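Student: For reference, the structure I am asking about is given below.
The values are calculated or read from the model by the stated rules, or taken from the named source; none is laboratory data. The model shown is predicted, which means the values in this text are computed figures rather than measured ones. Ideal geometry is used to build each Cβ from the backbone, glycine not excepted, and the neighbour counts take in all protein chains shown. Remember, those area values only see protein heavy atoms, side chains included, never the ligands or the DNA or RNA. Shrake-Rupley method; radii C 1.70, N 1.55, O 1.52, S 1.80 Å.
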Amino acid sequence: MREAIKFTDHAEDYLDAARRLAAQARLSLDVPPTVADVVTELRAFATAQHGLAGLPAVSAVEDSILVPSASGDRDLAEEGLQLARDLVKKWPKHRLPLDWVGEEVWIISLRKSADNAVDLRAIVESQVAAHKLAKIRQN
């Protein structure tokens, strides 16, 4: 839920707002999440989106494959590919993106991207540089 704190009230309100945020967060805000933690939440989101409204969470499914692949966890990426195969069969065609290329083409494209960890790591590095995150400790 989105909320705002007035600048004039920041000193009094920010700790309570931070507590509310932490209570709503599915991942700990105190301990850095592992790749597996992030992937678990991406999968949960994609599955919930489908279950709630039949919405295809294409990006979340793709990220649940490409993130572990970039980090070198092939087993986790393979599990994500299986989830993609399962979910894509259930997604209503009229809810898919307008530029949707088709089930088989999408899976083949995901497999190809997941198999190219070097390019995926290069994308990560470019994003780290673009967002000036180099000082953040990497695990």
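Student: For Ser126 and Glu78, compute 0.36 nm times the residue count separating them, minus their Cα-Cα distance, and round to one decimal in nm.
Tutor: Separation in residues times 0.36 nm, less the Cα-Cα distance, equals 14.8 nm.
Student: FRET efficiency for Trp100 and Leu29, Cβ-Cβ distance as r, R0 = 30 Å, nearest 0.05?
Tutor: The calculated FRET efficiency here is 0.30.
Student: Ordered by packing density, taken as the mean number of other Cβ atoms within 10 Å over each peptide's residues, highest first, how do 66-73, 123-130 rank?
Tutor: The peptides rank, most packed first, as 66-73, 123-130.
Student: Between Val38 and Lys6, what is the label-point separation in nm under the 7 Å Cα-to-beta-carbon projection?
Tutor: So the label points at Lys6 and Val38 sit 3.8 nm apart.
Student: Taking all protein chains in place and a 1.4 Å probe, what share, in percent, of the accessible surface of the range 1-85 do carbon and sulfur account for?
Tutor: On the range 1-85, the fraction of accessible area on carbon and sulfur atoms equals 58 percent.
Student: Excluding ligands, DNA and RNA, what is the solvent-accessible area per residue of the chain at a probe of 1.4 Å, expressed in Å²?
Tutor: Values: 9940 Å² over 139 residues.
Value returned for the chain: 71 Å² of accessible area per residue.
Student: Right, here's the next one. Nearest 500 deg cm²/dmol is fine: what mean residue ellipticity at 222 nm does the chain get from its DSSP H runs of n ≥ 4 alone, each adding -39,500 (n - 2.57), divided by its residue count?
Tutor: About -21500 deg cm²/dmol.
Student: Could you tell me which of rounded, prolate or oblate describes the chain, using a ≥ b ≥ c as the square roots of the eigenvalues of the alpha-carbon gyration tensor, with rounded for a/c under 1.5 and, failing that, prolate when a/b is larger than b/c and oblate otherwise?
Tutor: Details: a/c = 2.26, a/b = 1.45, b/c = 1.56.
Note, shape of the chain comes out oblate.
Student: Which whole-angstrom value gives the distance between the alpha carbon centres of the range 49-111 and the range 1-32?
Tutor: The distance from the Cα centre of the range 49-111 to that of the range 1-32 comes to 32 Å.
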